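The values are calculated or read from the model by the stated rules, or taken from the named source; none is laboratory data. Since the structure is predicted, the reported quantities are computational estimates derived from the model, not experimental observations. So basically every Cβ, Gly included, is an ideal-geometry build from the backbone, and we count neighbours across all protein chains shown. Protein only, heavy atoms only, side chains kept; ligands, DNA and RNA dropped before computing areas. Shrake-Rupley method; radii C 1.70, N 1.55, O 1.52, S 1.80 Å.
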There are 2 protein chains.
Amino acid sequence: MDLLSSTPLACARFVTLKTTHGALPKSTHFLRSRFPTFSALMSPPSTAVLYENHGPPDTVTKLVELPPVEIKANDVCVKMLASPIHPSDLNIIEGVYPVRPPLPAVGGREGVGEVHCVGSAIQGFSPGDLVMMSPPSDGTWQTHVVKDQSFWHKIDKDTPVEYAATVSINPLTALRMLEDFVDLKSGDTMSSDIKHVLVITGDAIVQNGATSMVGQCVIQLAKLRGIHTINIIRDRTGSDKAKEKLKNLGADEVYTESQIDVKNVKSLLANVPEPALGFNCVGGKAATLVLKFLRQGGTMVTYGGMAKKPVTVSTSAFIFKDLSLTGFYLQKWISSDKTQECREMLDYLLGLIREGKLKYDMELVPFSESHMALDKSLGKLGSQPKQVIKF
Amino acid sequence: MDLLSSTPLACARFVTLKTTHGALPKSTHFLRSRFPTFSALMSPPSTAVLYENHGPPDTVTKLVELPPVEIKANDVCVKMLASPIHPSDLNIIEGVYPVRPPLPAVGGREGVGEVHCVGSAIQGFSPGDLVMMSPPSDGTWQTHVVKDQSFWHKIDKDTPVEYAATVSINPLTALRMLEDFVDLKSGDTMSSDIKHVLVITGDAIVQNGATSMVGQCVIQLAKLRGIHTINIIRDRTGSDKAKEKLKNLGADEVYTESQIDVKNVKSLLANVPEPALGFNCVGGKAATLVLKFLRQGGTMVTYGGMAKKPVTVSTSAFIFKDLSLTGFYLQKWISSDKTQECREMLDYLLGLIREGKLKYDMELVPFSESHMALDKSLGKLGSQPKQVIKF
């Protein structure tokens, strides 16, 4: 019985060759990992948000119980603690995103959990470790996730789980976008009461969708480098409150779209330099506003299209204002063999979070209410903070 | 009388302090150079296409005789032989271009001529030399131009004047755009009958406005490097003839806009690789067609906007197709202290021209008919080849 007694906490060994599949469709994909070999180490059953076909996320997903799966030698079984709902997660379910997991599939691609048990060859993880999924991968919206150890990154147990669950996509996007496109000059970050005579003025950036999680991170990460931010938000009820919130995070300027409806947007800038870099996650008119603020030779990076409208650019903006437009896709950045570099940056961001220097709005939702969280994420209930499922 | 006998051919020395100004407005700008100092070397009078105010080029310009101007020690007086009419020349007269010469001004910025006489300190130029204006500068639409020697570049007397008059803007734009944005892989340039087994396939580019002078040069300069070209032209009467012409210049593929109205444009490419670089001088739908052809991670360079419509780009083209958009403005390139480098490239291009390897459509127009040439350049008589004034 040595074999059994060495089994990690709460994982079971099966001696039969088959397991049940419940009401699950018997696709090759699911069957592969659900036919355990003799004396296989098995996960607990997992409650999951599953979809069998692409379509509207609120109709094609359902909460199901998945049977135990085999934990192979290099696998780690993680009891999930939290996982966010991103627009891209919804697009994947809709089938309109380049990432297309084989169906049926469990939703979600980012999250944090506690190691439940580990495969026989695992040395770097132990039950109870706090781990986040990195790089992002399919199937985080379930109570137990079994994946190769290469998908898990051990983090400090003091990290608030809702931040650990959300740091690897949006905050990392903000950090990369500030670093990868324009060599921004950092400025003086000292508080005004201890400033010397010599004050170094940092560069500036401009962004739309500033209330988004990426937007909030951009403001704070820029502030840490003494880089000014000009922030554009939608006109809506509560925009004054949103402005105040962003200013409290360190935003230099916050304008609603209608406030920028002036001939010379540069007149709004006061003491903030003309921005060298702009971020667009909206498209349409909001993208044009970013372009208007940019300085000669500036660059706009598109990383989202919330308004579902294209970006329109005048010929003279290219020729005479010498603007460049490009895009950012985190998935591509991560997949270019940068897992280690990526994890170092996540540790940096998590450090800032633990120090209270990086924060953003989220709404934690119990797993049992994940359908309500989906509805909120789909915009059915108006503008809502990022929904994070708590298991 | 030694002083007078050393005076170069046909230039006169004045001993009075004043000269006449004809009916010219006595603006400071004009007066400055038209009050000769004692014993000043003077140019012949110059017949010029002048405008006193910005407006429609066909109404605000007039043919006038300008009085002699002083030739200072470092000036070269050039009897103009040929000068083209570019869209940008028209925009300058309209006052809608960033280049704004003080008014009144003589039109034109590019041209070739023969040295008529030189200032007292000039050593590198002699009467009879063939010289082109480089870098481009105001006032080439006149019979005699007096400018500092730094504006003139001596060229081989065998150069056809219509090419010498037009090489420094459009062909140079084509050359720079092929070099400056994407590191294009050159391909095999041998004719098919002497090809080895190993054929190196060069990269490809795609361009709209392919019948333009820049477009014609792009095709030929690319061909010289074994780079494939996909060319988009407007749907119009005679497009078959235009296609044939471009193919004769070396174009791999030529499509009218309506021919590209298919779901998968890549299916049109046959054996030509997906292009890494695109050139847009039209805007609107024609720019979208260039974007459609570009390969993942491709770059589109905008250098003109003939359709007067903006460029529209989808969010997914930035994020998932990873396209980059930028602009090219020759004036900026030249003004960044690259006169010498620029002239070396012009010599290279003129060499190709003399060897018959670079040619393009032009229509030579006698100076006396410059108003007709203006009308043609303004599009009043339908699509016309580049108009080049011959003095």
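State, to one decimal in nm and shortest first, how far the label point of B:Leu378 sits from each corresponding label point in the other identical copies (label point: 7 angstrom along Cα-to-Cβ).
In nanometres, ordered from closest: 5.9.
Please give the FRET efficiency for B:Ala270 paired with A:Asp183, using the beta carbon to beta carbon distance and R0 = 51 Å, rounded to the nearest 0.05.
Efficiency, from the Cβ-Cβ distance: 0.75.
Measure nothing but the geometry: give the 0 to 90° angle between the long axis through the Cα atoms of B:339-354 and the longest principal axis through the Cα atoms of chain B, rounded to 10°.
With both axes taken from Cα atoms, the answer is about 70 degrees.
What span do the alpha-carbon atoms of the range B:171-331 cover on each of the three principal axes, reported in whole Å from largest to smallest?
That works out to 45, 38, 38 Å along the principal axes.
Quick one: if the Förster radius is 41 Å, what FRET efficiency do A:Leu381 and B:Glu341 give, using the C-beta to C-beta distance and rounding to 0.05?
It comes to 0.10.
How long, wide and thick is the range B:281-391, going by the Cα atoms along their three principal axes, in whole angstroms, largest first?
Here the Cα extents, ordered largest to smallest, are 54, 38, 28 Å.
Using Stokes-Einstein with the Kirkwood hydrodynamic radius over Cα pairs, what translational diffusion coefficient do you get for the protein assembly as shown at 37 °C and a viscosity of 0.692 mPa s, in µm²/s rounded to a whole number?
107
Once you average over the residues of B:302-309, how many Cβ atoms of partner chains fall within 10 Å of each Cβ?
3
Testing the spin-label approximation: label points 7 Å from Cα along Cα→Cβ at A:Ser258 and A:Lys332. State their distance in nm.
In this crude label model, A:Ser258 to A:Lys332 measures out at 3.7 nm.
In whole angstrom, and with the biggest value first, how far do the Cα coordinates of chain A range along each principal axis?
For chain A, the Cα spread along each principal axis is 76, 46, 37 Å.
From the C-alpha gyration tensor of the range A:283-338, pull out the three semi-axes of the equivalent ellipsoid (sqrt of 5λ each), sorted largest to smallest, in whole Å.
They are 23, 15, 8 Å, listed from largest to smallest.
Measuring from a point 7 Å out along Cα→Cβ, what nm distances, shortest first, does B:Thr189 have to its partners in the other copies?
Here B:Thr189 shows inter-copy label distances of 5.2 nm.
In whole Hz, what ³J(HN,Hα) sequence does the range A:239-246 give by Karplus (6.51, -1.76, 1.60; θ = phi - 60°), x for Gly and Pro?
Result, ordered by residue: 5, 5, 5, 4, 4, 4, 4, 5 Hz.
Using Cα pairs closer than 8 Å and at least 6 residues apart in sequence, work out the relative contact order for chain B, in percent.
Here the relative contact order equals 14 percent.
Just to be sure I understand: with springs between alpha-carbon atoms less than 10 Å apart, which residue in A:Arg109, A:Arg295, A:Arg236 has the highest mean-square fluctuation in the Gaussian network model of chain A?
Comparing A:Arg109, A:Arg295, A:Arg236 in a Gaussian network model of chain A, the most mobile one is A:Arg236.
Considering amide H positions built from the backbone, and no H for Pro or chain starts, which residues 5 or more places from A:Ile233, or on another chain, come under 5 Å of its amide H?
Sorted by chain and number, the residues that satisfy this are A:Tyr255, A:Thr256, A:Glu257.
Applying 1/(1 + (r/R0)^6) with R0 = 51 Å to the Cβ-Cβ distance of B:Gln296 and B:Ser39, what FRET efficiency is obtained, to the nearest 0.05?
0.15
Using a 10 Å cut-off around each Cβ of peptide B:177-188, what is the average number of partner chain Cβ atoms that fall inside?
Across the residues of B:177-188, the mean count of other-chain Cβ atoms within 10 Å is 0.
For chain B, what is the mean residue ellipticity at 222 nm derived from helices alone (per DSSP H run of n ≥ 4: -39500 (n - 2.57); sum divided by total residues; nearest 500 deg cm²/dmol)?
-7500 deg cm²/dmol
Assign unit charges at the C-beta atoms only (+1 for Lys and Arg, -1 for Asp and Glu), then state the dipole size of the protein assembly as shown relative to its Cα centre in Debye, rounded to the nearest 20.
Dipole of the protein assembly as shown, to the nearest 20 debye: 1040 debye.
Taking a label point 7 Å out from Cα toward Cβ, give me the nm distances from B:Asn264 to the same spot in the other copies, shortest first, one decimal.
Those label-point separations list as 5.4 nm.
Could you rank A:Tyr255, A:Tyr348 by how accessible they are, 1.4 Å probe, largest area first?
Sorted by accessible area, descending: A:Tyr348, A:Tyr255.
Tell me, what % of the accessible area of the range A:171-331 is carbon and sulfur with a 1.4 angstrom probe?
50
Taking both sides together, what accessible area is buried at the A/B interface, probe 1.4 Å, expressed in Å² and rounded to the nearest 100?
Accessible area lost upon association: around 2000 Å².
Would you kindly derive the ³J(HN,Hα) couplings of the range B:118-131 from the backbone phi angles with the Karplus curve 6.51 cos²θ - 1.76 cosθ + 1.60 (θ = phi - 60°), listing them in order in whole Hz, with x for Gly and Pro?
Values per residue, Gly and Pro as x: 10, x, 5, 9, 7, 10, x, 10, 9, x, x, 4, 8, 10 Hz.
If I build a Gaussian network model for chain A, linking alpha-carbon pairs within less than 10 angstrom, which residue out of A:Thr143, A:Thr315, A:Thr211 has the largest mean-square fluctuation?
Maximum among the listed residues: A:Thr315.
Would you mind checking B:Lys62/B:Lys332; B:Lys223/B:Lys357; A:Lys285/B:Lys309; A:Lys185/B:Lys332 for any pair whose Cα atoms are more than 18 angstrom apart?
B:Lys62/B:Lys332; A:Lys185/B:Lys332
Whose amide H sits under 5 Å from the amide H of A:Ile205, counting only residues 5 or more places off or on another chain, with H placed in the peptide plane?
A:His228, A:Thr229, A:Ile230
If each of B:Lys247 and A:Val99 carries a label point 7 Å out from its Cα toward its Cβ, how far apart are those two points in nm?
Output for this residue pair reads 4.7 nm.
Calculate the translational D of the range B:44-110 in whole µm² s⁻¹ from Stokes-Einstein, where the hydrodynamic radius comes from the Kirkwood formula applied to all Cα pairs, the temperature is 25 °C and the viscosity 0.890 mPa s.
The Stokes-Einstein estimate is 189 µm²/s.
Give the lysines reachable from A:Lys79 as a straight Cα distance under 19 Å; neighbours fewer than 8 places away on the same chain don't count.
Leaving aside lysines fewer than 8 places away in the same chain, those within reach of A:Lys79 are A:Lys147, A:Lys154, A:Lys157, A:Lys390.
Which of these, B:Ala251, B:Ala121, B:Ala204, has the largest mean-square fluctuation under a Gaussian network model of chain B (Cα springs below 10 Å)?
Greatest mean-square fluctuation among the candidates belongs to B:Ala121.
Other chains' Cβ within 10 Å of A:321-333 residues: what's the mean?
5
How would A:His144, B:His54 rank on accessible area, largest to smallest, probe 1.4 Å?
B:His54, A:His144
HN-Hα J couplings of the range B:367-383 from phi, Karplus 6.51/-1.76/1.60, θ = phi - 60°, integer Hz, Gly and Pro as x?
Once θ is set to phi - 60°, the couplings for the range B:367-383 become 3, 5, 9, 5, 5, 5, 4, 4, 4, 5, 5, 7, x, 5, 10, x, 5 Hz.
Let me see the pair-distance distribution of the range A:248-296: every alpha carbon pair, 5 Å bin width, integer percents in order.
Each 5 Å bin holds this share of Cα pairs: 4, 18, 31, 30, 14, 3.
Heavy-atom accessible area per residue, the range B:280-354, 1.4 Å probe: how many Å²?
Normalised by residue count, the accessible surface of the range B:280-354 is 39 Å².
Return the long-range amide H neighbours of A:Asp148 (sequence gap of 5 or more, or a different chain), with a cut-off of under 5 Å between placed amide H atoms.
Residues meeting the amide H criterion: A:Val76.
In percent, how large is the relative contact order of the range A:171-331, given Cα pairs closer than 8 Å and 6 or more residues apart?
Relative CO of the range A:171-331 lands at 20 percent.
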